[in-house]
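Chemist: My structure is below; once you've seen it, I'll send some questions.
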Amino acid sequence: MPTPIERDDVQRLVAEGAQLVEVLPEAEYEDEHLPGAINIPLKRLDHETTRQIDRDRPVIAYCYDYQ
Amino acid sequence: MSPRAASRLESLGFEQVYDYVAGKADWGSFGLPIEGQRPSSTRVGAHARADVPACGPHDRMLEVRERVRAAGWDTCFVTNEEGIVLGRLGRAALAGDDDVSVEEAMTPGPSTIRPSLELEKAVERMHAQKLTSLPVTRSDGVLLGVIRREDAEQALELSATA
């Protein structure tokens with residue numbers, strides 16, 4: 001199961017090389033996103049679109065809030 | 001959405017998957033940097049004055065008044081040891097001369113705004129409530145500073161002409 005994390009964990013993991021993926025629609029990503037995050041909307045998460053994610057590094061998924 | 005996305009990533013074979021459940025709303029509400037069409041520079045946090053005076057609830061008004069005046073401010077926020085806002089000393093409280101405790105003189109529980117709030121919305125709110133400033137706090141209540149209406153309006157004007 002994916003590991004739920006909090007803000008401090010995000011900062012620590014990113015400093016250690018983790019990748020950020022915002023899974024909201026593109027327009028919402030363009031509006032605002034965490035520094036360094038890439039955008040792969042949930043509906044488009046597949047083998048093709050996730051090729052850009054390094055499988056040897058942790059990946060952190062996030063959206064807007066608890067939705 | 002992010003729990004489903006994190007699970008989807010695992011189903012695609014990713015092994016080190018984390019879910020930042022609280023999301024970018026949490027990130028922004030803590031004053032952390034935001035990128036995009038509406039970056040941090042368009043939000044209150046980047047323009048809040050962090051040098052606004054603060055004091056503790058058990059401080060004495062005489063000492064606080066002197067300190068606030070010397071700093072050139074006409075307001076002071078009352079915070080606990082963790083920096084969480086408990087109250088505000090406005091002009092009336094600071095203009096008096098009685099030596100009471102801050103806790104007796106303060107207005108408790110002032111409304112605050114988050115650093116992620118857009119400047120435009122902050123200005124609208126200050127106009128609607130006839131305020132010249134608003135305290136800016138993180139989502140855990142820690143004071144980050146105060147956004148003055150004139151600073152927010154100036155920042156909006158500069159961005160409009162840029």
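The values are calculated or read from the model by the stated rules, or taken from the named source; none is laboratory data. Predicted, not measured: the structure shown is a model, and the values here were computed from it. We place every Cβ from the backbone using ideal geometry, glycine too, and count neighbours over all the protein chains shown.
Chemist: Among what's in the range B:114-162 and is among the hydroxyl-bearing types (Ser, Thr, Tyr) and in contact (Cβ under 8 Å) with a residue 60 or more places away in the chain, pick the residue that is surrounded by the fewest Cβ atoms within 10 Å (Cβ to Cβ).
Modeler: So, considering only residues that are among the hydroxyl-bearing types (Ser, Thr, Tyr) and in contact (Cβ under 8 Å) with a residue 60 or more places away in the chain, the one surrounded by the fewest Cβ atoms within 10 Å (Cβ to Cβ) is B:159.
Chemist: Could you check residue B:58 against (1) under 20 Å from the mean Cα position of the chain (by Cα); (2) touching a residue at least 40 places away in the same chain (Cβ under 8 Å); (3) outside any helix (DSSP H, G or I) and say which number it fails?
Modeler: (1)
Chemist: Further, regarding this structure: Restricting to the range A:8-31, name every residue that is within 13 Å of the chain's Cα centre (by Cα) and either among the hydrophobic types (A, V, I, L, M, F, W, C) or within 21 Å of residue B:117 (Cβ to Cβ) (or both).
Modeler: Passing the criteria: A:10, A:13, A:14, A:18, A:20, A:21, A:22, A:23, A:24, A:29.
Chemist: Hey, residue B:63 hits all of (1) surrounded by fewer than 16 Cβ atoms within 10 Å (Cβ to Cβ); (2) in a strand (DSSP E or B); (3) not hydrophobic (A, V, I, L, M, F, W, C) but one; which does it fall short on?
Modeler: (2)
Chemist: Of the residues A:23, A:14, which is surrounded by 14 or more Cβ atoms within 10 Å (Cβ to Cβ), facing chain B (nearest Cβ under 7 Å) and at pLDDT 95 or above?
Modeler: Going through A:23, A:14 in turn, the sole match is A:23.
Chemist: Looking only at the range B:39-53, filter to residues that are in contact with a strand residue (DSSP E or B) (Cβ under 7 Å, 6 or more places away or on another chain) and surrounded by fewer than 18 Cβ atoms within 10 Å (Cβ to Cβ); which one of those is farthest from the other protein chains (Cβ to nearest Cβ)?
Modeler: B:49
Chemist: Of all residues in the range B:11-29, which are surrounded by fewer than 20 Cβ atoms within 10 Å (Cβ to Cβ) and in contact (Cβ under 8 Å) with a residue 24 or more places away in the chain?
Modeler: Listed by number, the list holds a single entry, B:25.
Chemist: So is residue A:45 buried (at least 17 other Cβ atoms within 10 Å of the Cβ), within 7 Å of chain B (Cβ to nearest Cβ) and under 21 Å from residue B:8 (Cα atoms) or not?
Modeler: Yes, satisfied.
Chemist: If you go through the range B:74-96 one residue at a time, how many are surrounded by fewer than 18 Cβ atoms within 10 Å (Cβ to Cβ) and within 15 Å of residue B:145 (Cβ to Cβ)?
Modeler: Counting residues in the range B:74-96 that are surrounded by fewer than 18 Cβ atoms within 10 Å (Cβ to Cβ) and within 15 Å of residue B:145 (Cβ to Cβ) gives 2.
Chemist: Those residues that are in a loop (DSSP other than H, G, I, E, B), more than 7 Å from every other protein chain (Cβ to nearest Cβ) and either within 23 Å of residue B:146 (Cα to Cα) or within 16 Å of the chain's Cα centre (by Cα) (or both), I need them from the range B:11-38; list them, please.
Modeler: Passing the criteria: B:31, B:32.
Chemist: Could you tell me whether residue B:102 is farther than 17 Å from residue B:57 by Cα and more than 13 Å from the chain's Cα centre (by Cα)?
Modeler: So residue B:102 fails the test.
Chemist: Among the helices (runs of 4 or more DSSP H) contained in the range B:91-162, which hold 3 or more residues that are among the acidic types (Asp, Glu) and out of contact with any His (no Cβ under 7 Å at 6 or more places or on another chain)?
Modeler: B:149-161
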